[in-house]
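Written below as structure tokens is the structure these notes are about.
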Amino acid sequence: MKDWAGTGRAYADSYASLCVGTVSALRESLGDPAGRRLLDVGSGTGLLASALTDAGWDVTGCEPEPTMRTVSQHDHPALTVRDGALPHLPFADGSFDAVVANFVLNHVADPRASAAELARVSSDRLAATIWTTSPTWLWREVCERAGLTPEQGERLSPEKDFERTVGGFEAMLTEAGWHVSGAIDLTWTWHADPTALWISAEGGVGGAGLFFRALAPAGRVSFRRAFDAVCAERSVDGLVPLLHSAAVAVGSPR
């Protein structure tokens, strides 16, 4: 799956603010936080974990990428973050009252095994999100403008993959042993600063970042010129409005 090595600071300065757009829906779905422990799996740079801490949860983060943990420790020094990755988390069965995985199950090599592992370490509540609409169209447009062939992206084998819709996500989680009590499609517009978008590309974040890093110098120049042109055309008051949708599922271990 995607290589996130070395992208901690670039992710914090770009897509982290997009991914925390689910925080209100997650907070509402998890119930009363008083005196309860929560594990944020794939906690990244700690923005969601910090927001859930502020909401009253006793939060532990779990993140396999060292640069993400470094940024998390710098930006949120009070947050406890453990090294660990799906589908094998370093926690005993039922260690946490609630377990959250925000935009994690769309990146793992075995979604069902990973979802089952989330259920194993939860004693009560589960919540997870995946993208159903992401800004890949913007980067495809940049590639086309630059005369470059965009990457198709790595796909899971058919027996491991699942339909990236609310219904498909719910079905996959059910197969993995969740009792899904609710699943919704959450849509919002991220008004992105072009500077932050460029930080993500130059910093190797996501598919566009990996594609940019692999380009020869001339290709990078063309990519940057095309990026600037597309942003200039699409910006409103200096920001690029990007519509996003996520499937948000909540439930409990069976």
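No lab work stands behind these numbers, since they all come straight from the coordinates. No experiment lies behind these values; they were computed from the predicted model shown. No Cβ is skipped: glycine too gets one built from the backbone with ideal geometry, and neighbour counts run over all protein chains shown.
Rounded, prolate or oblate: which one fits region 149-240, using the alpha carbon gyration tensor with axes a ≥ b ≥ c (rounded when a/c is under 1.5, else prolate when a/b beats b/c, else oblate)? Oblate, because a/c is 1.5 or more while a/b does not exceed b/c. Inter-label distance, E159 to D83: 3.3 nm, where each label sits 7 Å from its Cα along the C-beta direction. Residues whose amide H falls under 5 Å from that of V121, counting only those 5 or more places apart or on a different chain, are G94, with hydrogens built in the peptide plane. Among H74, H88, the order by Cβ neighbours within 10 angstrom, fewest to most, reads H88, H74. Going from the residue with the fewest nearby Cβ atoms within 10 Å to the one with the most, W190, W178 rank W190, W178.
Looking only at region 229-254, which residues have a backbone nitrogen under 18 Å from a spot 7 Å from the Cα of D93 in the C-beta direction? Zone members listed by number: 252-254.
As a proxy for reagent exposure, V205, V221 were ordered by neighbouring Cβ count within 10 angstrom, fewest first; the result is V221, V205.
Could you work out [θ]222 nm for the chain from helices alone, using -39500 (n - 2.57) per DSSP H run of at least four and dividing by all its residues? Round to the nearest 500 deg cm²/dmol. One gets -11500 deg cm²/dmol as the mean residue ellipticity at 222 nm. Rounded to the nearest 20 debye, the dipole magnitude of the chain is 360 debye, with +1 charges on Lys and Arg beta carbons, -1 on Asp and Glu beta carbons, and the Cα centre as origin. Sorted from greatest to least, the principal axis extents spanned by the alpha carbons of the chain come out as 53, 41, 31 Å.
Simple spin-label estimate for S235 and S24 gives 2.7 nm between the two label positions (7 Å along the Cα-to-Cβ direction from each Cα). Peptide packing for 238-249, 208-219 was compared via the average number of neighbouring C-beta atoms within 10 Å per residue; ordered from the highest value, the list is 238-249, 208-219.
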